[in-house]
Amino acid sequence: MMTTKMMRGAAEGAGTVLCCHLDPQDRVQAVGGAWDMAARLNGGEGAFAEEVLGRPIWAFVSGDETRSYLNALFFWCRSRGGTFRTRYQYDTAALRRRCVMEISPLRSGLLKVESRLAGVGPPAPRDAPPVAPGGEIRRCSICLRAAAGEAWRPCGHPAPGGPPVRYVVCGACRADAADALREADMRLAVLDAGGGAGGGAGRGDDRRAGGGAGG
Ligand SMILES: [Zn+2]
């Protein structure tokens, strides 16, 4: 998802996991997994561990809409104590790559954000993304489709030096996330109504995972 190069860099090898912890102010507190390897594969664009530590995650997310989308998910995870999981695309010219990002609360407002490659497929269509009337390309950070008007369609990567690209979140991906949050809320409500049997059923465990969204 995310146009964060950090998260996207996760996806070179099947099962690659990239992980970071965010402090309550959304600063990167720790990174783990194949972080540096991913950065290297990704051209190292500001994503090596030592370069991201202590910096706000928002410095690595492109587009106000995408930041707002993620911020809402972070807020939900912290306030509800639930885990949210979503799918997103991270394609290269050669492969379509489906990734999964999971956001889960830790103690004291900390969040864990993990990204892993879930599958690869044939290349994305090579059609140039449509240019919107304002002269920019609107591309969804989650599904990587682009739209000039209301119709979102799969497309190839925007050409370097071409029209500016604005990363947004399309209506379908927003709806998917909203549905997943609703489902997760219902599961949390059921668990809460269960009186916390066992006492130690910590918030953020797998039973509370939000459903997949995006696609
Ligand atoms: Zn989308």
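Points worth noting:
- Top positive-direction residue, dipole computed over segment 5-194 with Cβ charges, set G63, C77, L181: L181
- Charge tally for L22 (other residues, Cβ to Cβ under 14 Å; Lys, Arg +1; Asp, Glu -1): +2.
- Per-peptide packing, taken as the mean over residues of other Cβ atoms within 10 Å, places 19-28, 136-145 in the sequence 136-145, 19-28 from highest down.
- Across segment 174-183, coupling constants 3J(HN,Hα) worked out from phi with the 6.51/-1.76/1.60 Karplus curve, θ = phi - 60°, read 4, 5, 4, 5, 4, 4, 5, 5, 4, 4 Hz, and Gly and Pro carry x.
- Segments 86-95, 153-162 sorted - mean Cβ within 10 Å per residue, highest first: 86-95, 153-162
Laboratory data are not the source of any read-out in this text; all were calculated from the coordinates shown. These numbers were taken from a predicted model, which means no experiment stands behind them. When we count neighbours, we look across all protein chains shown, and the Cβ atoms used for this are built from the backbone with ideal geometry, even at glycine.
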